[in-house]
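K.L.:
Take a look at the following structure, please.
The values are calculated or read from the model by the stated rules, or taken from the named source; none is laboratory data. It should be emphasised that the depicted structure is a prediction, and the values quoted were computed from it without experimental measurement. Reconstructed Cβ throughout: ideal geometry from the backbone, glycine too, with neighbour counts over all protein chains shown. Surface areas here come from the heavy atoms of the whole protein model, side chains and all, with no ligands, DNA or RNA. Shrake-Rupley method; radii C 1.70, N 1.55, O 1.52, S 1.80 Å.
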Amino acid sequence: MDANHRARANRPGDTRHRRRGAADASAAGRPTVTAARPRSPGTTRQVTTCQARAVNEPGTELAATLRRIERAAGALATASVARMDETLPWFRELPADQRSWVMLVAQAGARSLVQWLRAGGGTADSTQEVSDEVFATAPQALARSISLQQTVALIKVTIDVVEERVPTLAAPGEEQQLRDVVLRYSREIAFAAARVYARAAESRGSWDARLQALLVDALLRGDSPDVLASRAAALGWADAPPVAVAVGRSPGGEVSAVLHTVYRLARRIGAEVIGGVHGDRLVIVLGGVADPVAATGKLLDAFGTGPVVVGPAVPSLDEATDSARAALAGFRAAPAWPAAPRPVPAADLLPERALAGDAEARRRLRHDVYASLARSGGELLETLDAFFTASGTLESAARALFVHPNTVRYRLRRVAEVTGLSPLAARDAYALQVALTVGRLDPVVALTPNRTTGPANPRTGQ
């Protein structure tokens with residue numbers, strides 16, 4: 001029976017014992033040799049198979065190097081800060097507390113390198129990212145004190161120091177592998193820094209947007225100059241004169257996107273701006289532009305459809321409440337003048353504002369127009385009445401006044417000099433008519449002639 005068993009085992013088709021022998025040899029770690037079927041008479045070949053060595057766990061390939069890096073973490077941070085002090089002039093000017101924060105970040109970076117390698121970050125196909133906790137050791141104030149560009153310079157110095165010490169940090173034979181790891185780690189650190197600064201920028205942008213909204217709201221409410229000054233200082237407002245407020249319809253959408261458009265357009269013209277969206281209105285405070293109306297014309301893409309009204313220019317932000325009131329009143333009254341230019345000064349809308357109930361517009365028309373005409377002599381008011389009654393015909397007005405037409409022309413020129421409004425222009429004639437109506441409805445005090453003062457211009461209030 002033993003002979004039969006051996007005969008079956010030696011048959012070419014019976015491979016059970018050969019597989020069992022190969023498995024036993026593999027388990028023992030020995031190479032197994034199997035005889036292949038001859039391809040041609042008289043020739044044979046041997047096939048040798050070896051069991052593959054198990055792949056090391058992530059990070060164990062640099063185990064000795066990691067231990068060296070852990071021991072040298074403090075020395076690396078000290079050497080990096082010393083190199084920063086040598087090569088970066090702005091770093092030497094930092095306060096002591098901020099320099100100590102940088103030291104903490106450098107030490108955290110060395111520890112993070114070890115953790116990153118142990119987590120599998122050192123492998124070429126790994127997607128392990130460096131945690132932002134590297135920068136969490138320093139307070140958020142560091143991100144406001146050091147720009148992203150300066151942070152990149154600090155990272156570069158630190159990586160240079162680590163690369164220079166690779167021969168002493170790496171275990172024998174692992175130098176090139178450590179250099180590759182440091183290269184990948186520096187990329188991940190740069191991305192982590194970018195994430196930190198991006199979040200800081202978003203947070204700062206949200207805070208600035210809230211401050212700007214509060215400042216614009218204080219302007220619209222007419223808060224005290226101290227409140228305006230403190231909020232403007234928190235935003236870094238330069239308060240470059242003159243200052244004016246523009247009001248129009250908001251285009252809709254995210255407030256941040258609307259204000260981003262405002263700031264982008266303002267940078268092109270070199271203007272200081274503070275913007276805010278209140279309901280469906282976009283309010284912009286302009287500073288440092290000689291002609292606020294022309295500057296607002298270059299910001300029209302930030303507004304929605306409809307009128308855009310610009311308040312009068314004032315010397316500083318402390319007085320911008322007057323400009324804001326005039327712009328808001330003009331915005332409410334602008335639909336009464338469909339042909340108004342865009343943008344339009346609030347002073348050009350005095351008739352519509354007076355009809356809409358704006359007390360300041362009525363005061364301006366009464367004081368700057370009607371009272372000025374009354375102080376210049378009764379013949380100007382009389383000539384205007386006759387001219388308007390004659391539907392703007394000089395000859396008819398002259399016959400009604402029993403004077404020569406040239407006398408009417410002279411008096412109309414005097415009206416334009418005194419008020420800044422020409423009776424021969426349709427729009428100015430309309431403003432003069434409303435001013436005569438308001439002046440007679442609201443009694444004016446001290447209408448005595450005063451020829452020592454110059455003409456008052458209702459468009460400027462001077």
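K.L.:
Summing +1 for each Lys or Arg and -1 for each Asp or Glu, what net charge is found among the other residues whose Cβ lies under 15 Å from the Cβ of Thr261?
P.N.:
Residues close to Thr261 contribute a combined charge of +3.
K.L.:
Can you compute the modelled spin-label distance between Asp322 and Ala336, with each label point 7 Å from Cα toward Cβ, in nm?
P.N.:
Using points 7 Å along Cα→Cβ, the separation is 2.3 nm.
K.L.:
What FRET efficiency comes out for the pair Asp180/Ala356, r = Cβ-Cβ distance, R0 = 60 Å, nearest 0.05?
P.N.:
The pair Asp180/Ala356 has a calculated efficiency of 0.20.
K.L.:
All other residues with a Cβ under 15 Å from the Cβ of Ile159 taken together, and with Lys, Arg as +1 and Asp, Glu as -1, what is their net charge?
P.N.:
For residues surrounding Ile159, the net value is +1.
K.L.:
Taking each pair of distinct Cα atoms in segment 242-346 once, what is the resulting Kirkwood hydrodynamic radius in Å? Mind showing how you got there, number by number?
P.N.:
Numbers: mean 1/r = 0.0756 Å⁻¹.
Roughly 13.2 Å, rounded to one decimal.
K.L.:
Still on this structure, I have one more. Rounded to two decimal places and with Rh computed the Kirkwood way over Cα pairs, what is Rg over Rh for segment 348-402?
P.N.:
1.10
K.L.:
How much length, in nm to one decimal, is gained on full extension between Gln149 and Glu382, taken as 0.36 nm per residue of separation minus their Cα-Cα distance?
P.N.:
Taking Gln149 through Glu382 to full extension adds about 76.6 nm, to one decimal.
K.L.:
Let me ask something additional. Express in nm, to one decimal, how much length is gained between Tyr263 and Thr305 on full extension, taking 0.36 nm for each residue of separation and deducting their alpha carbon distance.
P.N.:
13.2 nm
K.L.:
Here's another thing I want to ask about it. What FRET efficiency comes out for the pair Phe402/Asp280, r = Cβ-Cβ distance, R0 = 41 Å, nearest 0.05?
P.N.:
Efficiency at R0 = 41 Å is approximately 0.15.
K.L.:
Another question, then. Determine one quarter of the surface area of the Cα convex hull of segment 321-362, which equals its mean projected area, and express it in nm² to one decimal.
P.N.:
2.6
K.L.:
Ok, one more. Distance in nm between label sites at Ala240 and Gln115, each 7 Å beyond Cα in the beta-carbon direction?
P.N.:
4.6
K.L.:
Here's another thing I want to ask about it. Count charges around Ala371 for me, please; just the other residues with Cβ under 13 Å from its Cβ, Lys/Arg as +1, Asp/Glu as -1.
P.N.:
+4
K.L.:
Something else now. What nm value, rounded to one decimal, do you get for the distance between Ala82 and Ala171 when each label is placed 7 Å out toward the C-beta?
P.N.:
According to this spin-label approximation, the distance is 2.8 nm.
K.L.:
While we're looking at this one, here's another question. Express in nm, to one decimal, how much length is gained between Glu70 and Leu441 on full extension, taking 0.36 nm for each residue of separation and deducting their alpha carbon distance. Before the final figure, lay out the partial values.
P.N.:
On the way: separation 371, 0.36 × 371 = 133.56 nm, distance 8.94 nm.
Going from the current span to full extension adds 124.6 nm.
K.L.:
How large, in percent, is the carbon and sulfur part of the accessible surface of segment 247-331 at a probe radius of 1.4 Å? Mind dumping the intermediate values first?
P.N.:
Working: 1720 of 3410 Å².
Exposed carbon and sulfur together represent 50 percent of the surface.
K.L.:
Using θ = phi - 60° and the Karplus relation 6.51 cos²θ - 1.76 cosθ + 1.60, list the HN-Hα couplings for segment 341-352 in order, rounded to whole Hz, with x at every Gly or Pro.
P.N.:
Whole-Hz 3J(HN,Hα) from phi for segment 341-352: x, 10, x, 10, x, 4, 5, 6, 9, 4, x, 5.
K.L.:
Students often check this: by mean Cβ neighbours within 10 Å, which of 249-257, 72-80, 312-320, 340-348 ranks highest, and how do the rest follow?
P.N.:
Top to bottom by mean Cβ count within 10 Å: 340-348, 312-320, 72-80, 249-257.
K.L.:
Now for a separate question. In square angstrom, what is the accessible area per residue of segment 231-346 with a 1.4 angstrom probe?
P.N.:
42
K.L.:
Follow-up question, since we're still on this one. Please report, to two decimal places, log10 I(q)/I(0) for segment 281-404 at q = 0.11, 0.22 Å⁻¹ as given by the Debye formula with identical point scatterers on the Cα atoms and no solvent.
P.N.:
The calculated log intensity ratios at q = 0.11, 0.22 Å⁻¹ are -0.52, -1.19.
K.L.:
At q = 0.15, 0.24, 0.27, 0.28 Å⁻¹, what is the base-10 log of I(q)/I(0) for segment 289-330 according to the Debye formula with one equal point scatterer per Cα and no solvent? Please give it to two decimals.
P.N.:
These q points yield log10 I(q)/I(0) values of -0.38, -0.90, -1.04, -1.08.
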